[in-house]
């Protein structure tokens with residue numbers, strides 16, 4: 001490292017400090033065997049399946065996903081500079097935490113990690129609700145008012161429910177144009193207030209419509225199996241005739257097992273979407289920085305120090321290409337800028353439509369629309 005390079009704080013790359021939610025980059029240890037790695041992943045998956053059945057557990061999973069997404073974003077930057085023989089890690093090594101012994105250090109690490117997950121989960125949930133909750137609550141009200149008006153034949157108020165529903169739908173779609181990248185901005189910046197850098201996030205989205213379109217399409221497509229899993233409980237008595245003889249307690253136990261197993265699919269989808277958003281943000285931010293579209297002042301302190309440590313804060317001149325190739329690239333980019341917003345709008349519209357579809361089959365009076373598990377709190381259980 002050059003002596004003239006900026007000092008790297010311990011909160012990001014050091015060993016002794018304990019930042020609120022830091023970016024820890026350490027030399028990778030010995031690689032575990034294949035069976036050990038997959039065994040640990042299965043244990044984590046089973047644990048997450050239990051956590052998403054309750055509100056507090058879902059809050060911890062949300063913070064866990066955000067911290068895991070930060071690791072994925074850091075790896076994007078680390079891969080951009082192959083000269084660095086370091087790998088971003090999620091949790092500090094046990095030797096970095098003081099304690100009376102090995103077990104004490106391990107419990108200290110686990111305790112700090114759990115507290116950090118809850119803290120970051122609460123911050124992320126708060127920010128997501130600020131941007132989306134007004135619209136989801138409006139859709140919830142519109143659904144109730146529309147059906148109530150229909151049953152009571154209130155023709156003079158017939159337009160209230162549909163109008164409120166359309167306002168909620170369009171408002172939610174507009175929020176989702178920014179939300180995935182805003183959450184990635186928050187986690188990569190280690191600062192919940194950076195979530196509200198809407199101008200920078202919108203600039204990154206407009207510079208890479210294709211990537212943002214893929215994220216929106218992923219949300220729309222990966223939510224399809226989850227919608228099916230939400231609808232199936234309404235047809236379980238027809239699927240399994242033996243349920244007609246179940247006592248209320250037996251039925252509750254059966255549904256509990258069903259939602260626990262369905263939680264496995266939800267956890268996988270939830271983490272995949274969060275990691276994909278963080279990677280997309282990291283690539284878009286680095287590309288915008290090295291092309292000169294944004295300056296160092298647009299970076300958060302954590303991002304600036306991480307990119308400086310990796311020697312990535314520099315403007316890379318564009319490659320010289322033949323005139324015909326430049327013309328084709330210009331025409332293609334203009335077509336993408338025209339078509340991509342329509343495509344993204346359609347993807348988020350499909351995402352909202354699945355909520356209406358699932359509520360049509362099984363209505364949840366308070367949380368059907370107001371709570372979006374893939375967007376807000378990752379709770380996947382509809383037990384009565």
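The values are calculated or read from the model by the stated rules, or taken from the named source; none is laboratory data. Note that the coordinates shown come from a computational prediction; the quantities given were computed from them, not determined experimentally. Quick reminder, even Gly has a Cβ in these numbers, built from the backbone with ideal geometry, and neighbours come from all protein chains shown.
For segment 354-381, filtering for residues that are over 14 Å from residue 142 (Cβ atoms), under 20 Å from the mean Cα position of the chain (by Cα) and part of a loop (DSSP other than H, G, I, E, B) leaves 12. Restricted to helices (runs of 4 or more DSSP H) entirely inside segment 143-252, those with at least 3 residues that are out of contact with any strand residue (DSSP E or B) (no Cβ under 8 Å at 6 or more places or on another chain) and within 30 Å of residue 67 (Cα to Cα) are 160-176, 179-189, 198-207, 209-231. Evaluating residue 240 against the criteria (1) farther than 28 Å from residue 373 by Cα; (2) over 26 Å from the mean Cα position of the chain (by Cα); (3) free of Cβ contacts under 8 Å to residues at least 60 places away in the same chain leaves one unmet condition, (1).
Looking across segment 194-217, the residues that are over 16 Å from residue 340 (Cα atoms) and touching a helix residue (DSSP H, G or I) at 6+ places or on another chain (Cβ under 8 Å) come down to 194, 195, 196, 197, 198, 200, 201. Annotation: of all residues in segment 298-312 being over 21 Å from the mean Cα position of the chain (by Cα) and in a helix (DSSP H, G or I), the one that is nearest to residue 181 (Cα to Cα) is 298. Does segment 274-297 contain at least one residue that is assigned to a helix (DSSP H, G or I), free of Cβ contacts under 8 Å to residues at least 12 places away in the same chain and over 19 Å from residue 179 (Cα atoms)? Scanning segment 274-297, I find at least one residue that is assigned to a helix (DSSP H, G or I), free of Cβ contacts under 8 Å to residues at least 12 places away in the same chain and over 19 Å from residue 179 (Cα atoms), so the answer is yes. Take segment 240-255 and flag every residue that is surrounded by fewer than 13 Cβ atoms within 10 Å (Cβ to Cβ), more than 22 Å from residue 380 (Cα to Cα) and modelled with pLDDT of 85 or more. Across segment 240-255, the qualifying residue is only 247.
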